[in-house]
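Student: Got a structure for you, written out below as structure tokens; questions coming shortly.
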Amino acid sequence: MSATIARLTANDKGFAGTLATLSIRCPISVVENAKRSADSQEPDYRVVATRNGFELGAAWVRTSQRTGAEYISVSLRAPEFGTLYANIAPAPGGNEGEYVMIWNPPAN
């Protein structure tokens, strides 16, 4: 079972939407990392709380070993929730430009 923790809309800089859990509701932006170069280890995106500009995490474009499809892997960290891992995927329903961030809990 997967848990959606954000609904996002694609824009010219990346994505914008709201991170929402049972106890948190925070507008966020997932913005392209201007510092990234082809040979750097910088993330492809930065995740920022839009209310205050605080950086909450980073995201990298990855390729699935199983299907070969590209996806975006996200790492978030804040005192309220510790560290969360997630993936950005097209939202159910197939509406162009709509995405979800899906929580990816650690395997036990």
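Read-outs: derived from the displayed coordinates by stated rules, not from any lab. For clarity, every value in this text was computed on a predicted model and none was experimentally measured. Methodologically, a virtual Cβ is constructed for each residue, glycine included, from the backbone with ideal geometry; neighbour enumeration extends over all protein chains shown.
Student: Explain nothing, just compute: Karplus ³J(HN,Hα) = 6.51 cos²θ - 1.76 cosθ + 1.60, θ = phi - 60°, for every residue of region 79-90 in order, whole Hz, x for Gly and Pro.
Tutor: Rounded to whole hertz, the list is x, 5, 9, x, 10, 10, 10, 8, 10, 9, 9, x.
Student: Here is a further query. For the chain, with the dipole built from +1 on Lys and Arg beta-carbon atoms and -1 on Asp and Glu ones, taken about the Cα centre, which of Gly97, Gly68, Ala16 lies farthest toward the positive end?
Tutor: Highest projection toward the positive end goes to Ala16.
Student: To continue, here is another question. Amide H to amide H under 5 Å from Asn104: which residues, 5+ apart in sequence or cross-chain, H placed 1.01 Å off N in plane?
Tutor: The answer is Tyr85, Ala86, Asn87.
Student: Just want to confirm a number: the relative contact order over region 3-103, from Cα pairs under 8 angstrom separated by 6+ residues, in percent.
Tutor: On the way: 212 pairs, mean separation 24.1, N = 101.
With pairs under 8 Å counted, the relative contact order is 24 percent.
Student: Sticking with this one: Taking H placed 1.01 Å from N in the peptide plane, check which residues at least 5 places from Thr18 or on another chain put their amide H under 5 Å from its amide H.
Tutor: Placed amide hydrogens put Arg7, Ile28 under 5 Å from Thr18.
Student: Tell me, what is the Rg over Rh of region 3-103, with Rh the Kirkwood radius over Cα pairs? Please report the intermediate quantities before stating the final value.
Tutor: Values: Rg = 13.2 Å, Rh = 13.9 Å.
Taking Rh as the inverse mean 1/r over Cα pairs, Rg/Rh reads 0.95.
Student: Quick one: what are the phi-derived ³J(HN,Hα) couplings along region 21-34, Karplus 6.51/-1.76/1.60 with θ = phi - 60°, whole Hz, x for glycine and proline?
Tutor: 10, 5, 10, 10, 9, 9, x, 10, 10, 10, 10, 4, 8, 5
Student: With a ≥ b ≥ c taken as the square roots of the eigenvalues of the C-alpha gyration tensor of region 69-108, please select rounded if a/c is under 1.5 and otherwise prolate if a/b is larger than b/c or oblate if it is not? Walk me through the intermediate numbers first.
Tutor: Numbers: a/c = 2.61, a/b = 1.95, b/c = 1.34.
It is prolate, given that a/c is not under 1.5 and a/b is the larger ratio.
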